[in-house]
Amino acid sequence: MREFTYTGLKKNDHVRILCTARSAVQADLRPARELLESWGGLRVSYGKTIGAINHQFGGTTSLRVTDFQVALNDEDIDAIWIARGGYGTVQIIDDINFSAFAKADFKKLIIGYSDVTVLHGHLQNLGIASLHNFMPLEFSDKSKGCVESFKKALLGQIQVIKITNKQGLQIQEIKAPIVGGNLSILYSLLGSNSFPVTDGCFLFIEDVDEYLYHIERMMYGLKRAGHLDHLKGLIVGGMSDMRDHDIPFGKNAREIITDLTNSYNFPVIFNFPAGI
């Protein structure tokens, strides 16, 4: 498997915004478009799924497949930024042909998070890097630091992310690829060819608005499937707005993850600032 090293976008490169899941309209995407255009003269265009509505989705399954495939095959397009998450990418993943894209020397960057974890996992298994990043519709809600980090990643600038070691972790240097994304989506991909190979990697997980027992069930799923056995490390982003029942589950998300990883030797890094 080849590893794709991303070198960054440059002036006049082309970013296509489209939907693989829920719907979005051009008016709501304008701030994100203007932001990209201000970064070194990037070109921005919209796919045919923008403005298309089929129930909650950005067009029919067929339209979303075609729109993504066209952008994937178009060598004038240098990056694809998914407009919105929610649910829907799994409906199209098996109908997208990645073969020419995987073999070509030319690679474009796929950008997004949450439901886009379906694409991240699939691409990671092809040895192709992608960018776990907020969606265009969320631009105005993100901090300046988060937006600046996105800019550096998009333009291929080196950045160092430092977080305080409040866990008393042993000082060590570990070099490894990072795979993963949203925990709920990863769990839904178990047993499929879109679940990323985790051996020798850092696994990144994050989630929002889940019941605490769901977090434990999903972590057990990854553990029992062997996906934690050969990690270099586990990176935990936000576990935000967790829910519980009237009778408390008895552990928070951090305690659940700690209890299920105590038997391993790899470091578990909590509170990684992803998407904030």
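Values in this text are rule-based calculations from the coordinates and carry no lab data. Everything numeric in this text was worked out from a predicted model, so none of it was measured. With ideal geometry, Cβ positions are generated from the backbone for all residues, glycine too; neighbour counts draw on all protein chains shown.
Which FRET efficiency value, to the nearest 0.05, do you get for Glu37 and Tyr6 by plugging their Cβ-Cβ distance into 1/(1 + (r/R0)^6) with R0 = 22 Å?
Working: r = 21 Å, r/R0 = 0.94.
For R0 = 22 Å, the calculated efficiency reads 0.60.
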Exercise. Report the semi-axes of the equivalent ellipsoid for segment 160-276 in whole Å, largest first, where each axis is √(5λ) for an eigenvalue λ of the Cα gyration tensor.
Key: 21, 18, 14
Exercise. Please turn the phi angles of segment 230-244 into ³J(HN,Hα) values with the Karplus equation 6.51 cos²θ - 1.76 cosθ + 1.60 (θ = phi - 60°), one per residue in order, whole Hz, x for glycine and proline.
Key: 10, 6, 7, x, 10, 10, 10, x, x, 10, 9, 6, 5, 10, 9
Exercise. Scan segment 1-52 for GluC sites (Glu not before Pro) in coil per DSSP, keeping those whose Cβ has at most 16 other Cβ atoms within 10 Å, and list them by number.
Key: Glu3
Quiz prompt | Fully extended contour minus Cα-Cα distance, from Ile53 to Glu173, at 0.36 nm per residue | solution = 38.4 nm
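Report, in cubic angstrom per residue, the convex hull volume of the C-alpha atoms of segment 14-154. Don't jump to the answer; show the numbers that get you there.
Values: hull volume 14.2 nm³, N = 141.
Hull volume normalised by residue count: 101 Å³.
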Self-check item: Dmax and Rg, reported as Rg then Dmax, of segment 109-194 (C-alpha, Å)
Solution: 14.9, 39
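Provide the gained length on full extension for the span Asp244 to Val147, in nm with one decimal, where the gain is 0.36 nm per separating residue minus the Cα-Cα distance.
On the way: separation 97, 0.36 × 97 = 34.92 nm, distance 3.21 nm.
That works out to 31.7 nm of additional length.
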Quiz item: Taking H as built 1.01 Å from N, whose amide H comes closer than 5 Å to the amide H of Asn54, not counting residues under 5 places away?
Solution: Gly59
Quiz item: In whole angstrom, how far apart do the alpha carbon centroids of segment 1-55 and segment 191-255 sit?
Solution: 30
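Mind checking the dipole of the chain: about its Cα centre, +1 per Lys or Arg Cβ, -1 per Asp or Glu Cβ, Debye to the nearest 20?
Numbers: 28 positive and 30 negative charges, 116 e Å.
That gives a dipole near 560 debye.
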Self-check item: Sequence-separation-based contact order of segment 97-142, relative, with Cα cut under 8 Å and 6+ spacing, percent
Solution: 37
Practice problem: Consider all pairwise Cα distances in the chain and report the whole-number % of them above 22 Å. | Solution: 58
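Could you size up the charge dipole of segment 178-269 around its Cα centre, putting +1 on the beta carbon of Lys and Arg and -1 on that of Asp and Glu, and report it in debye to the nearest 20?
Numbers: 7 positive and 12 negative charges, 64 e Å.
Dipole of segment 178-269, to the nearest 20 debye: 300 debye.
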Practice problem: Scan around Ile269 for amide H atoms under 5 Å from its own, H built in the peptide plane at 1.01 Å from N, and keep only partners 5 or more places away or cross-chain. | Solution: Leu234, Ile235, Val236
Quiz item: Looking at the square roots a ≥ b ≥ c of the eigenvalues of the Cα gyration tensor of segment 230-273, which shape do they give, rounded for a/c under 1.5, prolate if a/b is larger than b/c, or oblate?
Solution: oblate
